[in-house]
Amino acid sequence: MEFKDYYATLGVERGATDDDVRQAYRKLARKYHPDVSKEADAEQRMRDVNEAYQVLKDPEKRAAYDNLAAGVSSGGDFRPPPDWDSGFEFRGAGPGDEAAFSEFFSSLFGGGGRRGGGAAMRARGEDHHAAIEIDLEDALRGATRDISLRSIGYDEHGQPRLQTRTLNVRIPAGVREGQFIRLAGQGMPGMGGGENGDLYLEVRFKPHPRYRVEGRDLYMDLPVAPWEAALGATVRAPTPHGPVEVGVPANSREGRKLRLKGRGIPGDPAGDLYLVLEIAWPPADTEKARQAYRHLAQEVPFDPRRNLGD
Amino acid sequence: MKTVAVTATLVGKEAPLSTGELARACGAEETWVLQLVKVGIVEASGRPADWRFDSAALRQALAARSLQRDFDASLDAAALILDMSSEIRRLRARLRVLGMDADGF
């Protein structure tokens with residue numbers, strides 16, 4: 001596992017004051033905010049910055065981090081398990097953190113029981129947040145995924161050890177981008193007999209090569225031949241729910257949307273699938289094809305620039 | 001390695017969050033959630049004594065929390081920032097649907 005230098009991420013000295021840390025964070029958060037940033041890797045940088053800030057702004061976490069950093073530089077063993085990289089991002093030491101966090105972070109702070117407070121205190125564990133990236137197909141049909149969560153435990157010598165627990169999560173069909181999946185009792189352990197917190201997974205879709213997603217609706221480009229668009233035709237189109245025969249109306253233009261009701265992401269109401277017509281011209285790469293284009297030009301008086309004026 | 005099967009619920013119409021659950025998910029108090037509703041950062045359904053919140057409300061609430069905590073934003077400023085942010089996302093999603101992105105084609 002790569003050791004993360006949170007001080008370097010925020011560009012502050014090790015002895016930086018809370019104020020320095022906050023100022024540095026605010027500056028970087030503006031620079032890399034995904035809504036405004038022009039940087040290509042803004043989202044990843046924002047995550048790194050958020051993660052570093054969540055640790056360094058909290059005196060308890062910062063002390064734990066400094067301890068660990070000292071151990072690493074003197075050759076401390078901090079090796080991840082072999083199935084380390086499972087595409088899972090932890091999203092918060094405390095509840096309500098907007099940021100997504102690296103495995104490094106979750107191994108440090110993801111429910112290792114490093115909580116302050118008196119031993120006699122009874123408290124419900126904090127809720128945790130994480131992001132999960134799924135394929136569109138998982139949302140259409142539902143899926144089962146194993147999700148690994150890591151935390152730090154201590155062995156009999158009091159040495160920190162990484163622990164991994166794997167949750168088998170059923171992703172319900174009909175889940176939308178940005179929706180939360182709630183796993184009851186999988187957040188921070190409670191204290192003194194208190195209930196465990198919950199774990200919230202925010203769903204993100206991996207980009208799909210064919211479909212664009214907007215809410216529950218899907219959009220797909222459907223190539224048609226010029227004569228199919230001009231004369232009308234019935235064409236076969238693949239959909240996530242299997243192929244369909246779809247009628248292309250005569251005189252269809254490029255960009256015309258054909259709506260297939262209920263063929264988007266399932267739900268109440270189910271989303272629709274829009275087929276966006278894309279007119280594909282046959283290449284004029286044979287004498288026959290060139291002849292056909294010449295023939296069309298002769299037979300059909302057509303000036304595509306007539307509306308442009310002089 | 002031990003695998004634990006867990007029950008997953010989709011936060012939404014079928015399984016909404018109560019006021020207390022939303023507050024807890026954000027590490028906040030219930031009174032804070034009442035303020036969010038009042039300012040219009042989150043929408044609640046149901047009767048005031050028995051409010052229900054969906055995933056969009058949770059997302060908004062988490063974002064408002066971090067704006068307040070990390071930027072000392074007032075709730076009204078947070079509301080404005082979140083409105084603008086959601087408008088940017090809506091426009092970007094429209095552009096994507098049209099096969100474009102915000103910085104060109």
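Quick rundown of the values:
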{"read-out": "Unique residue being without any contact (Cβ under 8 Å) to a residue 60 or more places away in the chain, of a type outside the set (F, W, Y), within 8 Å of chain A (Cβ to nearest Cβ) and surrounded by 15 or more Cβ atoms within 10 Å (Cβ to Cβ) when the list is B:A44, B:A56, B:A64", "value": "B:A56"}
{"read-out": "Residues within region B:73-105 that are facing chain A (nearest Cβ under 9 Å) and either open to solvent by 60 Å² or more (accessible area, probe 1.4 Å) or among the hydroxyl-bearing types (S, T, Y) (or both), tallied", "value": "8"}
{"read-out": "Qualifying residue in region B:80-94 (condition: touching a strand residue (DSSP E or B) at 6+ places or on another chain (Cβ under 9 Å) and either charged (D, E, K, R) or over 30 Å from A:L277 (Cβ atoms) (or both))", "value": "yes"}
{"read-out": "Residue within region A:261-275 that is touching a helix residue (DSSP H, G or I) at 6+ places or on another chain (Cβ under 7 Å) and in contact (Cβ under 8 Å) with a residue 60 or more places away in the chain present", "value": "yes"}
{"read-out": "Filtered residues of region A:177-198 (kept if more than 8 Å from chain B (Cβ to nearest Cβ) and open to solvent by 30 Å² or more (accessible area, probe 1.4 Å))", "value": "A:E177, A:P189, A:M191, A:G192, A:G193, A:E195, A:N196"}
{"read-out": "Matching entry among A:L258, A:L201, A:L218 (being surrounded by 15 or more Cβ atoms within 10 Å (Cβ to Cβ), at the interface with another protein chain (Cβ under 9 Å from one of its Cβ atoms) and at negative phi)", "value": "A:L201"}
{"read-out": "Filter pass, A:P223 being in a loop (DSSP other than H, G, I, E, B) and either at pLDDT 90 or above or open to solvent by 10 Å² or more (accessible area, probe 1.4 Å) (or both)", "value": "no"}
{"read-out": "Positions within region B:1-41 being of a type in the set (S, T, N, Q), open to solvent by 50 Å² or more (accessible area, probe 1.4 Å) and not in a loop (DSSP other than H, G, I, E, B), in sequence order", "value": "B:T3, B:T9, B:T31, B:Q35"}
{"read-out": "Residue satisfying all of: in region A:1-56; over 22 Å from A:R204 (Cβ atoms), of a type in the set (V, I, T) and in a helix (DSSP H, G or I); most open to solvent (accessible area, probe 1.4 Å) among these", "value": "A:T9"}
{"read-out": "Pairs with Cβ under 6 Å, 6+ apart, first in region B:1-23 and of a type in the set (S, T, Y), second open to solvent by less than 40 Å² (accessible area, probe 1.4 Å)", "value": "B:T3/A:T166; B:T9/A:R182; B:T9/B:A15; B:T19/B:V33"}
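The values are calculated or read from the model by the stated rules, or taken from the named source; none is laboratory data. Worth saying up front: this structure is predicted, and the values here are computed from it rather than measured. With ideal geometry, Cβ positions are generated from the backbone for all residues, glycine too; neighbour counts draw on all protein chains shown. These accessible areas exclude ligands, DNA and RNA; they are computed on the full protein's heavy atoms, side chains included. Shrake-Rupley method; radii C 1.70, N 1.55, O 1.52, S 1.80 Å.
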